[in-house]
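Working notes for the structure below.
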Amino acid sequence: MKKTRMAWLFLLAVMLAIPTEGFGQVPVRLFIRGSYVEGDVAPRIVENRTLVPLRLISEALGYDVAWNDADRSIRITQDDRALDLKVGSDAATVSRAGATQTVTLDVPPRIVENRTLVPLRFISENFGEKVDWDDANRTVVIGEGYSPMKNPGEMTLRFRDRSVTVKTKSVNGQTMIPAADFAKAMGWNYSNKPNDYEEQIPVLHDPVNGVEIWNYGEYFTCDGIDFKPMDGKARGAASKKIDGRDYLSLRHLADVLHADLKESEGEILLTDKNEATYKLFYKPLLDGGERYGYEAAKVNSIQFKNHHYYIMPLNKTPEEYNRLGIFDKEMTPIGMCNFYMNVDKNIVEAASQG
């Protein structure tokens, strides 16, 4: 009996020693410049101060961030303003137009689940942002246009002749929807298929138009074109695994489907664009493979028509071009190519596989 009582006292002491930040509370939401934003680590309130993932706030507000792994210090900059912070330290430096001052933070930055969390209000206000708190809906508001969520995480998606309610997630400023739910709503399929290397890749398949969108996580591939810049990363991940389910970025999905994307309060609208032609640029191997060149195709271009991307005037998709091993005298380099859709530049780039 005495041992049992001692055990309960020990357990109670441990429970009282556990920090109660966020324990049993409704999650904190972030509304930044017109839209709700979520990251892979939730914001939390510590000593009445909201801490948010550094990457999330920097991407949403366009800050540049430098991380020093040696001393775990952080430098955040935008235009002529800079903030210097350090994980675990309540001392911070604020610089603007050459003037510098040291301030004391109410709550220092910390690392949670391999993400650096920083005090949101301190950072936002020092960069000139207006910050408000909606206590009733536990929402931090930065900028204008705020209205409380009616049904948090639910939006109506309209595309072609379909209209469906979907659960959404906002990850690093991108709205994402469950792949399986989107496929079901459209009458499509979403399942794994082996690629040319026998890897099992999730594929979104439109059986009516014969479109296959291969989900490689960071980017999508369609008709043999990787939807990312040739020499860089795509604009945020195309897909994320959340609670065991694949979620697709609406922005990336609209790009690969050649559709316009409009998001408003509670509604997502995808609209097919008209046929379009993209300039084609090559990065051929020169001097026996010693260096790359970069040149525009003299004859060929990439045309989007009938829901597919074709090399014109060959009238073959890049995937068919590679599989058949065909080439045109103006198609350099001759042979197999990797094709990349550079959405920002509105061009397609091709590089020889060797």
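The values are calculated or read from the model by the stated rules, or taken from the named source; none is laboratory data. Because the structure is predicted, anything quoted here is derived from the model rather than measured. Note that each Cβ is placed from the backbone with ideal geometry, even for glycine, and that neighbours are counted across all protein chains shown. Just the protein is used for accessible areas: all its heavy atoms, side chains included, with ligands, DNA and RNA removed. Shrake-Rupley method; radii C 1.70, N 1.55, O 1.52, S 1.80 Å.
So, in the range 194-225, exactly how many residues are in a strand (DSSP E or B), touching a residue at least 40 places away in the same chain (Cβ under 8 Å) and crowded, with 22+ Cβ neighbours inside 10 Å?
First, pick out the residues of the range 194-225 that are in a strand (DSSP E or B): 194, 200-206, 211-215, 220-222, 225.
Pick out the ones that are also touching a residue at least 40 places away in the same chain (Cβ under 8 Å) and you get 202, 204, 206, 211, 213, 222, 225.
Subset that is crowded, with 22+ Cβ neighbours inside 10 Å: 204, 213, 222, 225.
Count: 4.
Going by what's in this entry, would T175 be described as open to solvent by less than 70 Å² (accessible area, probe 1.4 Å), part of a strand (DSSP E or B), of a type in the set (S, T, N, Q) and in contact with a Leu (Cβ under 8 Å, 6 or more places away or on another chain)? Spell out how you get there, then give the answer.
Numbers: open to solvent by less than 70 Å² (accessible area, probe 1.4 Å): yes; part of a strand (DSSP E or B): yes; of a type in the set (S, T, N, Q): yes; in contact with a Leu (Cβ under 8 Å, 6 or more places away or on another chain): yes.
Taking the combined requirement at face value, the residue satisfies it.
Test V164 against the stated conditions and say whether it is open to solvent by less than 20 Å² (accessible area, probe 1.4 Å), farther than 18 Å from D243 by Cβ and without any contact (Cβ under 8 Å) to a residue 24 or more places away in the chain.
Numbers: open to solvent by less than 20 Å² (accessible area, probe 1.4 Å): no; farther than 18 Å from D243 by Cβ: yes; without any contact (Cβ under 8 Å) to a residue 24 or more places away in the chain: yes.
Spelling it out, it is not the case that V164 is open to solvent by less than 20 Å² (accessible area, probe 1.4 Å), farther than 18 Å from D243 by Cβ and without any contact (Cβ under 8 Å) to a residue 24 or more places away in the chain.
Which one is nearest to R55 (Cα to Cα), of the residues in the range 222-254 that are of a type outside the set (D, E, K, R) and in contact with a helix residue (DSSP H, G or I) (Cβ under 6 Å, 6 or more places away or on another chain)?
Pass one, the range 222-254, residues of a type outside the set (D, E, K, R): 222, 224-225, 227, 229-230, 232, 234, 236-239, 242, 244, 247-250, 252-254.
Retained after the next criterion (residues that are in contact with a helix residue (DSSP H, G or I) (Cβ under 6 Å, 6 or more places away or on another chain)): 222, 224-225, 227, 238, 248.
On the way: C222: 29, G224: 32, I225: 29, F227: 23, A238: 17, L248: 20 Å.
The qualifying residue nearest to R55 (Cα to Cα) is A238.
Which one of S163, S191 is small (G, A, S), farther than 22 Å from E267 by Cβ and assigned to a strand (DSSP E or B)?
Values: S163 fails: farther than 22 Å from E267 by Cβ.
The match here is S191.
Would you mind stating whether E275 is farther than 30 Å from R33 by Cβ and surrounded by fewer than 16 Cβ atoms within 10 Å (Cβ to Cβ)? Before you say what the answer is, go through the steps one by one.
Numbers: farther than 30 Å from R33 by Cβ: yes; surrounded by fewer than 16 Cβ atoms within 10 Å (Cβ to Cβ): yes.
Yes, satisfied.
Restricting attention to the range 107-148, and to residues there that are among the aromatic types (F, W, Y) and more than 18 Å from R81 (Cβ to Cβ), which single residue is surrounded by the fewest Cβ atoms within 10 Å (Cβ to Cβ)? Lay out the reasoning, then the answer.
Kept after step one, since they are among the aromatic types (F, W, Y), are these residues of the range 107-148: 122, 127, 133, 146.
Filter again for more than 18 Å from R81 (Cβ to Cβ), leaving 133, 146.
On the way: W133: 13, Y146: 18.
So, considering only residues that are among the aromatic types (F, W, Y) and more than 18 Å from R81 (Cβ to Cβ), the one surrounded by the fewest Cβ atoms within 10 Å (Cβ to Cβ) is W133.
Report whether or not K228 is within 24 Å of D40 (Cβ to Cβ), under 17 Å from the mean Cα position of the chain (by Cα), part of a strand (DSSP E or B) and in contact (Cβ under 8 Å) with a residue 12 or more places away in the chain. Outline the logic, then answer.
Numbers: within 24 Å of D40 (Cβ to Cβ): yes; under 17 Å from the mean Cα position of the chain (by Cα): yes; part of a strand (DSSP E or B): no; in contact (Cβ under 8 Å) with a residue 12 or more places away in the chain: yes.
It is false that K228 is within 24 Å of D40 (Cβ to Cβ), under 17 Å from the mean Cα position of the chain (by Cα), part of a strand (DSSP E or B) and in contact (Cβ under 8 Å) with a residue 12 or more places away in the chain.
Considering each residue of the range 91-119, count those that are assigned to a loop (DSSP other than H, G, I, E, B) and either in contact (Cβ under 8 Å) with a residue 60 or more places away in the chain or closer than 13 Å to L51 by Cβ (or both), and give that number.
First, the residues of the range 91-119 that are assigned to a loop (DSSP other than H, G, I, E, B): 97-98, 105-109, 113-114.
Add one more test, that the residue is either in contact (Cβ under 8 Å) with a residue 60 or more places away in the chain or closer than 13 Å to L51 by Cβ (or both), and what stays is 105-109, 113.
Here the count works out to 6.
Which members of the range 71-89 meet the condition of being out of contact with any Lys or Arg (no Cβ under 8 Å at 6 or more places or on another chain), under 22 Å from E113 (Cβ atoms) and open to solvent by 30 Å² or more (accessible area, probe 1.4 Å)?
S89
For the range 280-354, which fully contained strands (runs of 3 or more DSSP E) count at least 1 residues that are of a type outside the set (K, R) and at pLDDT below 75? Give the derivation first.
Values: elements: 301-305, 308-312, 337-342, 347-352.
Answer list for the range 280-354: 347-352.
Identify the single condition in (1) modelled with pLDDT of 90 or more; (2) farther than 18 Å from I111 by Cα; (3) surrounded by 17 or more Cβ atoms within 10 Å (Cβ to Cβ) that A92 does not satisfy, given that it satisfies every other one.
Exception for A92: condition (2).
So R162 passes all but one of these: (1) at pLDDT 90 or above; (2) under 22 Å from Y36 (Cα atoms). Which condition number does it fail?
Of everything listed in (1) at pLDDT 90 or above; (2) under 22 Å from Y36 (Cα atoms), R162 misses just condition (2).
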